[in-house]
Amino acid sequence: MTSSRVETSAARSWTAPRAVTWVAGGLAAAAVLVQMIFPFTAGGTFALTVASVLLLSAAALTHALATRGPSTALALLVVAGGGGLVAEAIGVSTGVPFGRYDYTGTLGWEVFGVPGLVPLAWVMMAWPALLVARLLVPGRRPVLRLLVAAWALTAWDVFLDPQMVDAGHWTWDDPHPALPGVEGIPLTNFAGWLVVSALICGVLDRLVPASAGRRVELRRDAVPVAVYLWTYGSSVLAHALFFGRPPVALVGSLVMGIVALPLAALVIRRTGRR
């Protein structure tokens, strides 16, 4: 029996009550409502930031539990949350791999110099990034799928980092050279994100069971797919109209659009066939 069949069999062996999936969708919907308030608070308050991260990370973990079982939810928490914490702790203390930066103490309690919300932020977007990559790169193309997943996760930070820096949550010692249009964020940050994202998504891709096909995955993974597309569209709109960063909106729309636009097209095609 091939490894893919073993993974598919493992995925099918777990059956959760449909209500659990609905809970994941409800958590994601609540996060969307919270994020809709951000533009009217100059980029978000501490309470809104906490609520957004907690709701979306809970949505990711609940969806992982509902669709693939407790072991997958645990793997997501340990690999994405734990891996993100380790990478950030090393980054804060050494400057590797993101460049030298410092948290300012505005995001609550910290672990090894890293706010507790930060590992949960890795969880909340690593899960959609992995599943989106599986939809766009089905079959036995692990290297290409890994590249898409790492890009999908890193592209999110093109929007996130300027917003958080402008809100005063962290600072960069030397933000040069920067990605054109994304001033104040060094290129080393995005290079580091690509490396860490590839490591996290690569491990998760090995551990998380695959399903029986693209159509099955799109239906089953509607919640994280919707989260990814919402993050793309809302981030472009917010930076263009509310956060005073139109260049970030433009650059982010191009960078994240490499993944989000083909994903949206796939969703439209599949939905239209029903």
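The values are calculated or read from the model by the stated rules, or taken from the named source; none is laboratory data. It should be emphasised that the depicted structure is a prediction, and the values quoted were computed from it without experimental measurement. Because the Cβ atoms are built from the backbone with ideal geometry, glycine has one as well, and the counts that use them run over all protein chains shown. For the accessible areas, the whole protein counts, side chains as well, though only heavy atoms, and no ligand, DNA or RNA atoms are used. Shrake-Rupley method; radii C 1.70, N 1.55, O 1.52, S 1.80 Å.
Below, the figures for the structure above:
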item: Which numbered condition L254 misses (of (1) in contact (Cβ under 8 Å) with a residue 24 or more places away in the chain; (2) open to solvent by 10 Å² or more (accessible area, probe 1.4 Å); (3) of a type in the set (A, V, I, L, M, F, W, C)); result: (1)
item: Residue tally, condition open to solvent by less than 50 Å² (accessible area, probe 1.4 Å), in a helix (DSSP H, G or I), in contact (Cβ under 8 Å) with a residue 12 or more places away in the chain and not aromatic (F, W, Y), over the stretch 27-56; result: 16
item: Condition broken by A226, with the remaining ones in (1) open to solvent by 50 Å² or more (accessible area, probe 1.4 Å); (2) over 21 Å from G25 (Cβ atoms); (3) at pLDDT 95 or above satisfied; result: (2)
item: Residue check, L199 open to solvent by 50 Å² or more (accessible area, probe 1.4 Å) and without any contact (Cβ under 8 Å) to a residue 24 or more places away in the chain; result: no
item: Options G113, G105, G139: the member that is more than 13 Å from the chain's Cα centre (by Cα), over 20 Å from S197 (Cβ atoms), at pLDDT below 95 and open to solvent by 10 Å² or more (accessible area, probe 1.4 Å); result: G139
item: When residues of the stretch 237-251 are limited to those that are of a type outside the set (A, V, I, L, M, F, W, C) and exposed (fewer than 14 other Cβ atoms within 10 Å of the Cβ), the one farthest from P180 (Cα to Cα); result: G244
item: Only listed residue being under 26 Å from G257 (Cβ atoms) and without any contact (Cβ under 8 Å) to a residue 12 or more places away in the chain, chosen from V132, V137, V118, V123; result: V137
item: Candidate set: the stretch 234-252, residues that are within 14 Å of D161 (Cα to Cα), hydrophobic (A, V, I, L, M, F, W, C) and part of a helix (DSSP H, G or I); chosen: the one modelled with the lowest pLDDT; result: A238
